[in-house]
Structure formats: C-alpha cells, structure tokens
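The values are calculated or read from the model by the stated rules, or taken from the named source; none is laboratory data. All of these numbers come straight from a predicted model, not from anything done at the bench. Heads up, the Cβs are rebuilt from the backbone with ideal geometry, glycines too, and the neighbour counts pull from every protein chain shown.
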Amino acid sequence: MKQLRIPRLMLAALAFYLVIEVLSRVGALNGYMMVIIDECLIYVILAVSLNLINGITGQFSLGHMGFAAVGAYTSGAITTIAFKLSVHSGAHYAIFIGALIAGGLVAGLVGFLIGFPSLRLKGDYLGIVTLGFGEIIRTALNNMDFVGGPRGLLGIPKFSTFTVIFIAAFLSVVIIRNLVESSHGRAMLAIRENELAAELVGIDSTKYKVLAFTIGAFFAGIAGGLLAHLLQMAHPSQFGFMGSVLILIMVYAGGIGSLSGSVLAAFALTFLSQGLLIGIDALANATGLPIGSEWRMVVYSVLLILLMLFKTEGLMGTKESKLLRLREDEK
C-alpha cells in the first residue's frame, strides 16, 4: 500500500502553529505582526481556491474577491444580528462557525449561478464576465443600506483569532489538495490540458468547470468571513477589482496549478508589501527625502516584473512541495 504523506504535512503545520504561538506569547511578535500573519493565512485560502479554478481546471476568473465579499457580508450580518439579540455568550463561537459556513454556502451558490451560464465562454471572455460579476456584487453591496451601504458593515465581533484562521487555512489546503488527487480532480486537470479530448473520453466539462467554480467560491466566502471577523468590518472597497488582481498575482507568482506555490506566494507577497511599506517610511524618516508610501507599489511592481521575467513559471511552477505530495511516487 502506498504511504500517505498527510502526517508529515500535519507535523509541519503543527510546528508552524506552535512557533507562532510561542513567539506571540513571549512578545516577539506584536499585534501588528500577528494581523499580518492572519492576513497571510486568509490569502492562502483565497489563492488556493482561485488556483483550483484557474490553475487546476484551466479557467480564467477575475472576480474572486466578489465571492469573498458575499461570504464576509453574510457571516458578518449573522454574527452582528446574534450579538444585538444578546445571544448567550456560550453560543457565540457556535454561531460564528455556523455563520462562516453559511457565508461559504451563499458564496458557493453565487459561484454556481455565475458559473453555470458563463462557463461556455473561455479565456479572456470568461475573465471579462467574471470581472463584471465581481463588480456587480461590489456595487450592489455599496447600495444596500441594510448592510451599511457605502459605510460598510460595522460592529462585526472579533472572532477570527490566529488559531481559528490557521485551522481554516489548513483544512482548506488539505481539502482542495485531496480533491485535486481524486478522480474529480483528475477530470479537472484533463479539461485544463485539452477540453475537447476530455469530452471525447466521456468527461462532462461543464459539470466539472461549474464544480470547480462553486467549490472555489465556497472557500473564498470562508476567507471573506474570516477577514470580516478579523478587521471587525466589511466594506465594499475591500473587495474590488484590485483585490481580485492581487489574488490572481499570488496564483501566477506561486505557479499556476501548484497549491504549495500559492501558499508560498501568499506569505511572500503579503510580507513583501508590508516590508516595503515599513522600509520606505523608515528611509523617508532617516533621510528627510519626500518619499511617499505610494512608492511601495512601484518597487513591488518592479519586483513582480523581474520575477515574471526570470521565473516565468512562478516560484514553484507546476510542482508541489513534498509536504503536499499525497503519495510517495508522486513527482
């Protein structure tokens, strides 16, 4: 029998969790650093779920943050209403978990409703359609007064702790990786490689493309709910076009089709962005030069261009880390 490598992944994840927890408790990581790490883990969920759509199934979605917005507003509204109704404190976390799942399910339903009629399109045309749907979601939320409208949904309770976000990110990666290794995942990979050939051998391409879209949207909704309960607010500006582009960059920078590449890129690009912000501010204070924080994006963009020029396949290409290889003979 082939040996599974999941225990190795669990040990590595547990080691990461314990290191961060210990550093946080001894004061080596302050609150600001912990928020950055929490955001990295949320971006892991977003990048891995988008990779299922773009990398594994070969589609091109540009509206992923729209699904995150649906999950954020749905789960945030549920927990906010529960607090206003003075639900017993012992049920708070149960309500939070239920709200997260509800947000994911609603986002998955939206993904299905968007995906089913539009997945007859391919390439850039599909990207334009998903971009349009993402902007429709953001604009609709911006004009719904019962969820705050342009003010955003405020007063969301802070339930997203490092432990909760870590568990959600770990489960998301494991579930999506197991899906990719299943017969359903193999069908999605076949569609990516040659959709016509896949259909000729009996694979229902529409079914699997819609399935990938729905599952990807579900996990994006979970990530959106976690973000809302971390920042204690959900605002339409958080889920606009640039947010979707950022997730897309993580997928391509990490390696299209590589889940471990998406994990690596989510951490690397988030820390790079924050590091440049701190570094440029420190340089401006030390030299007195009129260097604004907006220069961070210039340097960030140049580094991304260099990465794409000299590492065209991304950080990992199509390869997976040994930790995410489920079987010994996988290469």
Within region 9-30, of all residues that are within 19 Å of Val173 (Cα to Cα) and among the small types (Gly, Ala, Ser), the one farthest from the chain's Cα centre (by Cα) is Ala15
TODO: Would you confirm whether any residue within region 97-119 is at pLDDT below 85 and either within 30 Å of Ala12 (Cα to Cα) or outside any helix (DSSP H, G or I) (or both)?
DONE: yes
Matching residues in region 186-210 (polar (S, T, N, Q) and either under 24 Å from the mean Cα position of the chain (by Cα) or in a helix (DSSP H, G or I) (or both)) number 2
Restricted to region 108-153 and to residues being out of contact with any helix residue (DSSP H, G or I) (no Cβ under 8 Å at 6 or more places or on another chain) and aromatic (Phe, Trp, Tyr), the residue farthest from Ala69 (Cα to Cα) is Tyr125
The condition of being over 19 Å from Gly221 (Cα atoms), β-branched (Val, Ile, Thr) and surrounded by 24 or more Cβ atoms within 10 Å (Cβ to Cβ) holds, among Thr57, Thr74, only for Thr57
Per the list (1) over 30 Å from Val147 (Cα atoms); (2) surrounded by 15 or more Cβ atoms within 10 Å (Cβ to Cβ); (3) modelled with pLDDT of 90 or more, residue check on Leu9 breaks on (3)
Checking Leu196, Leu211 in turn, the sole residue that is at pLDDT 90 or above and within 24 Å of Thr318 (Cα to Cα) turns out to be Leu211
Checking Leu14, Leu52 in turn, the sole residue that is in a helix (DSSP H, G or I) and free of Cβ contacts under 8 Å to residues at least 24 places away in the same chain turns out to be Leu14
From the option list Gly261, Gly225, single residue qualifying as farther than 30 Å from Phe96 by Cβ and either in contact with a Cys (Cβ under 6 Å, 6 or more places away or on another chain) or crowded, with 24+ Cβ neighbours inside 10 Å (or both) is Gly261
Counted residues in region 119-139 being surrounded by 14 or more Cβ atoms within 10 Å (Cβ to Cβ) and without any contact (Cβ under 8 Å) to a residue 40 or more places away in the chain come to 2
